[in-house]
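These notes are about the structure you will find just below.
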Amino acid sequence: MGAVHVVIPARDEELLLPRCLESVEQARRALRAARPDLLVDVTVVLDRCRDRTALVVDAARVHRHTVDFGMVGATRDAGVRWALASSARNGIAPEDLWIACTDADTVVPPHWLTRQLELAQDHDAVIGTVEPFGLTDTAVLARWRARHHLVEGHPHVHGANLGVRGSTYLEVGGFLPVALDEDVDLVRRIRSHTSRWVATDAVRVASSARRVSRCRGGFADAILALEDEVG
């Protein structure tokens, strides 16, 4: 592996993005300490942002790429292809580029990238787990945990915690321009394409349990549905 590129889609995320970028920077520093030979970049893809998200990105001194899709699948794909093009300019082939995907409302652990790269020695995709943070209703949290298996070999797919080799991404066609389940669709095609993938809890991240969703049927809507069940 010659390079790692973290891709983060964002739409009006000035409040939550700073914490995300701080955690990604800690993960990047940990990886650089373990693998000083690697080029490690971060790109935030700004999709129809009307707030000060761009200023947050600039303050963090990471790359930003602006699009006008209003659709998470197309936004993620634009970020990955931006990363592939950037790596190519540095002479890094797609098979030597690891793409790590997360979300602007997500906090990753310090070992997030280091562990992914360890797993990438034998795998072309790493499918991680997600847990909510900021969820104060214990009944809702208990219901969520009862339905989510935070274990090795888990059945879940989250765009907020997904790693893939650049060449594999291209071979399966990448994220499609859809408004929902772009991550599930990509992983389905990866699993059909290769057996070199792993579903693991070793790189668990935490996503905001906010109630305002950026897309219909997303993580926030799932939390709201659980609240309705609990009553």
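The values are calculated or read from the model by the stated rules, or taken from the named source; none is laboratory data. Keep in mind that what you see is a predicted model, and the values were worked out from it rather than measured. No Cβ is skipped: glycine too gets one built from the backbone with ideal geometry, and neighbour counts run over all protein chains shown.
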Note on segment 12-29: residues within 12 Å of ASP103 (Cα to Cα), of a type in the set (D, E, K, R) and assigned to a helix (DSSP H, G or I) are ARG19
Within segment 89-108, restricting to residues that are crowded, with 21+ Cβ neighbours inside 10 Å and of a type in the set (Asp, Glu), the one that is farthest from LEU39 (Cα to Cα) is ASP105
Among the residues of segment 142-155, the number that are assigned to a loop (DSSP other than H, G, I, E, B), loosely packed, with under 15 Cβ neighbours inside 10 Å and not charged (D, E, K, R) is 5
Flagged pairs (Cβ under 6 angstrom, 6 or more apart or on separate chains; first in segment 187-208, modelled with pLDDT under 95; second not small (Gly, Ala, Ser)) are SER207/ASP105; SER207/THR106; SER207/VAL130; SER207/PHE219; SER208/LEU16; SER208/ASP105
Within segment 16-54, restricting to residues that are of a type in the set (Asp, Glu) and touching a strand residue (DSSP E or B) at 6+ places or on another chain (Cβ under 6 Å), the one that is surrounded by the most Cβ atoms within 10 Å (Cβ to Cβ) is ASP47
Going through segment 30-58 in order, the residues found to be out of contact with any Pro (no Cβ under 8 Å at 6 or more places or on another chain) and part of a helix (DSSP H, G or I) are LEU31, ARG32, ALA33, ALA34, THR53, ALA54, LEU55, VAL57, ASP58
Review point. Could you say whether any residue in segment 180-188 is surrounded by fewer than 20 Cβ atoms within 10 Å (Cβ to Cβ), aliphatic (A, V, I, L, M) and in contact with a Pro (Cβ under 7 Å, 6 or more places away or on another chain)?
Key: no
Quick check, is SER86 of a type in the set (S, T, N, Q), crowded, with 16+ Cβ neighbours inside 10 Å and closer than 29 Å to GLU171 by Cα?
yes
From the option list ARG52, ARG32, ARG61, single residue qualifying as of a type in the set (D, E, K, R), touching a Leu at 6+ places or on another chain (Cβ under 8 Å) and free of Cβ contacts under 8 Å to residues at least 40 places away in the same chain is ARG32
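In this structure, does GLY70 turn out to be on the phi > 0 side of the Ramachandran plot, part of a loop (DSSP other than H, G, I, E, B) and under 18 Å from the mean Cα position of the chain (by Cα)?
yes
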* **Residue in segment 119-135 that is surrounded by 15 or more Cβ atoms within 10 Å (Cβ to Cβ) and charged (D, E, K, R) present** => yes
- Task: Return a yes/no flag: does segment 81-93 have any residue that is at pLDDT below 95, assigned to a helix (DSSP H, G or I) and hydrophobic (A, V, I, L, M, F, W, C).
- Result: no
Counting only residues in segment 156-207 that are in contact with a helix residue (DSSP H, G or I) (Cβ under 8 Å, 6 or more places away or on another chain) and assigned to a strand (DSSP E or B), the one farthest from GLY128 (Cα to Cα) is identified as ARG165
